[in-house]
Every structure is written in C-alpha cells, then in structure tokens.
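Following: one structure in structure tokens, then a few remarks.
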Amino acid sequence: MGHSIKVTVNGVTHEATVEPRMLLVQFLREVLLLTGTHIGCDTSQCGACTVLVDGVATKSCTMFAVQADGKEITTIEGLAANGDLHPLQKAFWEEHGLQCGFCTPGVIMSSYDFLKRNPNPTEEEIRHALEGNYCRCTGYQNIVKAVKKAAQSMS
Amino acid sequence: MIPNNFEYIRANSVQEALQLLSQKGDGARLLAGGHSLIPAMKLRLNAPETVIDISGIQELASIRRDGDRLHIGALVTHRTVETSDEVKSSCPVLSEAAALIGDPLVRNRGTIGGSLAHCDPAADYPALTLCLGAEIEATGPSGSRTIAADDFFVGMFETALQSGEMITRVTFPVLGKGTGAAYEKFSHPASRFAVVGVAAMVTLDGGGNCNSVRVAITGAGPSVFRATKVEQALTG
Ligand SMILES: Cc1cc2nc3c(=O)[nH]c(=O)nc-3n(C[C@H](O)[C@H](O)[C@H](O)COP(=O)(O)OP(=O)(O)OC[C@H]3O[C@@H](n4cnc5c(N)ncnc54)[C@H](O)[C@@H]3O)c2cc1C
Ligand code: FES
Ligand code: FES
C-alpha cells in the first residue's frame, strides 16, 4: 500500500515510501526528523503545524504526506540562511514574541506567508492573519509587535 | 491521531474522478481541500476505503463571468473567492462571506465544492447559495445536471447529490442595480463556524419597495433553511 513520493523540503529533495494515511506533519517529524513543526491539536484548529506548501501556509496535520508528492515544503528549519536568523525570527526574539515557544514555528510560518502578500500591514490585519494560530501563553501582544517589527525590517 | 488505512488515488480530470467513483462504489470519498474530510478521518468518524484526490484537477479551479452569471469551479478555494476581483465586483457578498470562513489557513485549502457537498449545519456557503438562489452543477456518469440551491440541501450532512455524482461548479447571479445582499455571522469563538449566520438579498422596485426578499439561515437547524415568514413580512 506504500506510495513513492518525492518532496523538496527546505531545498533538499527527499524520496520516500509512505502509507497514504501518514499526515504531512508526521512525515516531517518522524521520517525527516524535522521536529520544529509541532502538533498541538487533533482538530485542525491550533496552527502549530503550519508549514508552507508551494509557498502557501498550510496546516500540515490536515494534509496527507502523499499529497505533498512533487511539492516544495518550507518549515521553520528552512528560514535561517547561512546561520543568520530570518527577520521574523529575529523580531520574535527581540520583541519577546514567545514564552513556551510551542506555537511559535506555526505563527512564524503563517506570518511569513502573510507578509509576502501584505508587506505593510496594520495591527488589525496582523491579528486577523493569525486567527488560525493559537498561543496559550503570550496573550498575542508581543507576537503582533514582532510581526510588525519584522515587516518594517523586511521592507 | 491517525486515520484508518485507505487506498489513495489521484484523479487528474473530472472524467477520471467519475470513473473511479463508479468503480470504487460507496466506500470511496472525494478529497478536495481536506478541511472537513481529513479531520473526520483523524477522529475516525469517517473511514473511507478509497480516497480519490481531486485537488489537482485544473478544470475545476477557475472563476468565470458570463453575462449576468458568475461561475465558480468546485475546487476554487475560500481564499480565492475572498480575494478575486471578479467575485468582488460581480457578487461582493460572496467574497465578504468567504473572508469569514474559519481562519486564513483553512481558507488557503478549503473549497466551495467541498463545503457544499459536506453540508455542515453551521457552514457559511450553504446560506449564501440558498439566499442568492445559486445553482449547483452535479456531474455523474450520464452527464451534468443543474440543481437549484432550494433543492440541494436535504438535511444534516445530506444533499441532493446522487452516489457517483460530484459537484463541478456553482453558478451565482451577478447582483444588478437595485439588488443588495449581506451576510451577518455570529462566529463560535473557537471553531469559527456559525453559531448563527443570516444571509439576505433584497431587490427594490423603482419606488423603493421590496420587490423580492430572500433570507437564508445557517447554524440554527439541522441544515440551512429559508426564513419564509421573514421574507413574506418584508416583501412589498
Ligand atoms: C478549524 C476549521 C474551521 C472551519 N470553520 C469554518 C467556518 O467558519 N465556516 C465554514 O463554512 N466552514 C468552516 N470549516 C470547514 C471548511 O470550510 C472546509 O474547507 C469545507 O467544509 C470542506 O471543503 P474541503 O474542500 O476542505 O472539502 P473536503 O474536506 O476535501 O471534503 C468534504 C466532503 O465533501 C466531499 N467533496 C469534496 N469535493 C467534492 C465535490 N467537488 N463534489 C462532491 N463531493 C465533494 C468529500 O468527499 C467529503 O465528503 C472549517 C474547517 C476547519 C478545519
Ligand atoms: S496540529 Fe493543530 S492545527 Fe495542526
Ligand atoms: S508561546 Fe506558548 S503557546 Fe505560544
């Protein structure tokens, strides 16, 4: 019942055989050992598992790995370049946009997709853009500040 | 959580999807955006033997205006309806409503065809389709037929689709002069599904009287329904 898939993750192409029921998030975590992408719920709600699929922010717990065949995936591990943190990662650090950090990879991947489409957002737009990412610690204030700061430093 | 095992097949055209549907019978399920089916499979509320992935069928992913009709392919995502200039100018209430579905990540993948076929009692598109008097195109082994929204929503998670049929497109009226529509939704704070959602379309005559009114309500019954008494009270 295995399917051969070829998936490019953070620029590296992987070939693997997967059961159809394997979720993309399991493939990333358990097969590729990229554990930066988290699983926070069973109901497709929390967004901790967000990755980019061909550039579009996607809950990787709500897509089968076999559907990623031929696609390009970017995870939180793929954002830093040449040892330098991505401006979003830097801004989360500087603005204390995280406490326990569980939601952070998903929040950053959603923000990445959002800032690509809206490089100069208002606070309200940022809050709407992150409706699919739950944070149980920060109360969101510093997350919003961090996204704003990243937008400024990227423009 | 891990779904039951299943056979996975990718369909590259409507033709192929229909062949697979008839070959695999009632144990088969179509997979579009996956944002209703996969959560249900993870909770093992749904355990299809075969999953036919239609998400890559290009012919179902376009939006086209033809005179006073707006055709939206079954695989058009909520995000595309929300942001499409064509939808914003032809039927603005539709993009306003699409922007209220779930969250941005849900809207990136969920599709209009999937939402209507799933027929969740608290979903948004059923209210819009019913209020606007849209038509659903169902395609099966013997061709396509058009189902009026008034006949499409049969009950909780139940539609007029026959086994072996799939939704291929949804056709909305272009809202002309004198006609206005709005959608108001009270969202559940966690799931963002409608606790209640009300869609209304009003057409005025030259003297400012209500020529026709259609009101559809979601979230408040086993399936979307028209508030006919409200419509009667407002007409005239
Ligand atoms: C966290 C969360 C929040 C959500 N909030 C909302 C909300 O606020 N409002 C709302 O309306 N919805 C909401 N949804 C549901 C979302 O809109 C789904 O995308 C939608 O209900 C199903 O569309 P899909 O393309 O994902 O379909 P899928 O999950 O792929 O399929 C759903 C069902 O429809 C069938 N199907 C799919 N396409 C076709 C077709 N073309 N022809 C025939 N049958 C087909 C499938 O076999 C399956 O049975 C939410 C979902 C999640 C996970
Ligand atoms: S793990 Fe919660 S949405 Fe994917
Ligand atoms: S920092 Fe702990 S959940 Fe967001």
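The values are calculated or read from the model by the stated rules, or taken from the named source; none is laboratory data. Because the structure is a prediction, the values reported are computed rather than measured. Counting neighbours? That spans all protein chains shown, and the Cβs are built from the backbone with ideal geometry, glycine included. Surface areas here come from the heavy atoms of the whole protein model, side chains and all, with no ligands, DNA or RNA. Shrake-Rupley method; radii C 1.70, N 1.55, O 1.52, S 1.80 Å.
Our coupling estimate for the range B:66-77, obtained by passing each phi through the Karplus curve with A = 6.51, B = -1.76, C = 1.60 and θ = phi - 60°, is 9, x, 9, 10, 10, 9, 10, x, 4, 9, 5, 7 Hz, Gly and Pro reported as x.
Taking the inverse of the mean 1/r over every pair of distinct Cα atoms in the range B:179-234 gives a Kirkwood hydrodynamic radius of 12.2 Å.
Could you work out the relative contact order of the range B:62-166, using alpha carbon pairs under 8 angstrom and six or more residues apart, expressed as a whole percent?
Numbers: 148 pairs, mean separation 20.7, N = 105.
The normalised contact order for the range B:62-166 reaches 20 percent.
Taking other residues whose beta carbon is less than 12 angstrom from the beta carbon of B:ALA17, and scoring Lys, Arg as +1 and Asp, Glu as -1, yields -1. Springs between Cα atoms under 10 Å define the GNM used for chain B, and in it the highest mean-square fluctuation of B:ASN209, B:ASN108, B:ASN12 occurs at B:ASN209. Considering only B:PRO39, B:LEU161, B:THR129, and ranking their Cα positions along the charge dipole of chain B that arises from unit charges at the beta-carbon of Lys, Arg, Asp and Glu, the one farthest toward the positive end is B:PRO39. The angle between the Cα long axis of helix B:14-24 and the longest principal axis of the Cα atoms of chain B comes to about 60 degrees, rounded to the nearest 10. When chain A is described by a simple charge dipole with +1 on each Lys and Arg Cβ and -1 on each Asp and Glu Cβ, the residue from A:HIS14, A:ASN82, A:GLY101 located farthest towards its positive end is A:GLY101.
I'd like the carbon and sulfur percentage of the solvent accessible area for chain A, probe radius 1.4 Å, heavy atoms only, ligands and nucleic acids excluded. It would help to have the intermediate numbers written out before the result.
On the way: 3510 of 7080 Å².
Percent of accessible area from carbon and sulfur atoms in chain A: 50.
Each helix, a run of at least 4 DSSP H residues, gives -39500 (n - 2.57); summed and divided by the residues of chain B, these come to -7000 deg cm²/dmol at 222 nm.
Using only the alpha carbon atoms of the range B:71-131, find the Kirkwood hydrodynamic radius as the inverse mean reciprocal pair distance, in angstroms to one decimal. Provide the component values of the computation, followed by the final result.
Working: mean 1/r = 0.0883 Å⁻¹.
11.3 Å is the Kirkwood radius here.
Counting Cβ atoms of other protein chains within 10 Å of each residue's Cβ and taking the mean over peptide A:67-76 gives 1.
Near A:VAL9, the amide H atoms lying under 5 Å from its own belong to A:HIS14, A:ILE73; only residues 5 or more places off or on other chains count, and H is placed 1.01 Å from N. Per atom type, the range B:52-122 shows carbon and sulfur on 46% of its accessible surface, probed at 1.4 Å.
So, in Å, what gap is there between the alpha-carbon centers of the range A:70-89 and the range B:86-146? The two parts, judged by their Cα centres, are 35 Å apart.
For chain A, what does the accessible surface come to per residue with a 1.4 Å probe? Please give it in Å².
Numbers: 7080 Å² over 155 residues.
On a per-residue basis, chain A sits at 46 Å².
Between B:GLN19 and B:ASN209, the C-beta separation translates, for a Förster distance of 56 Å, into a calculated FRET efficiency of about 0.60. Only Cα sites of the range A:87-154 enter the Debye sum here, all with the same form factor; the resulting log10 I(q)/I(0) across q = 0.23, 0.25 1/Å is -0.92, -1.11, listed in q order. Taking the three principal axes of the alpha carbon atoms in the range A:28-74, the coordinate ranges are 27, 21, 16 Å, sorted in descending order.
Summarising the amide proton neighbourhood of B:THR159: residues at separation of 5 or more, or on other chains, whose placed amide H is nearer than 5 Å comprise B:VAL154.
Antiparallel versus total DSSP beta bridges in the range B:1-136: what percent is that, nearest 5? Please list the in-between numbers first.
Working: 5 of 13 bridges.
Counting DSSP beta bridges with both partners in the range B:1-136, the antiparallel share is about 40 percent.
Its relative contact order, with pairs defined as Cα atoms under 8 Å and 6+ residues apart, puts the range B:7-120 at 26 percent.
Binning the C-alpha pair distances of the protein assembly as shown at 10 Å intervals from 0 yields a P(r) profile of 5, 22, 30, 25, 13, 4, 0 %, listed from the shortest bin outward.
For peptide B:100-111, the mean count of partner chain Cβ atoms within 10 Å of a residue's Cβ comes to 6. Using every pair of distinct Cα positions in the range B:7-53, the Kirkwood expression returns a hydrodynamic radius of 10.8 angstrom.
For a modelled paramagnetic label at A:ASN120, 7 Å from Cα along Cα-to-Cβ, the residues of the range A:131-155 in reach, with backbone nitrogen under 11 Å, are A:155. Normalising the average separation of contacting C-alpha pairs (under 8 angstrom, six or more residues apart) by the number of residues puts the relative contact order of chain A at 24 percent. Note on the range B:1-157: Rg/Rh from Cα positions, Kirkwood definition for Rh, rounded to two decimals, is 0.95.
Here the Gaussian network model covers chain B, with springs between Cα atoms less than 10 Å apart; of B:THR129, B:THR139, B:THR83, B:THR83 fluctuates the most. Packing, taken as the mean count of other beta carbons within 10 Å per residue, orders the peptides B:192-201, B:59-68 from highest to lowest as B:192-201, B:59-68.
Per residue of peptide A:126-135, the mean number of Cβ atoms on other chains within 10 Å of the residue Cβ is 3. With springs connecting C-alpha atoms under 10 Å apart, model chain B as a Gaussian network and identify which of B:CYS91, B:CYS210, B:CYS119 has the largest mean-square fluctuation. Maximum fluctuation in the GNM of chain B, among the listed residues, is at B:CYS210. Only Cα sites of chain A enter the Debye sum here, all with the same form factor; the resulting log10 I(q)/I(0) across q = 0.15 1/Å is -0.74, listed in q order.
In a reduced charge model with +1 at each Lys and Arg Cβ and -1 at each Asp and Glu Cβ, the protein assembly as shown shows a dipole moment near 460 debye about its Cα centre. The Rg/Rh ratio for the range B:92-236 is 0.98, where Rg is the radius of gyration of the alpha carbons and Rh is the Kirkwood radius.
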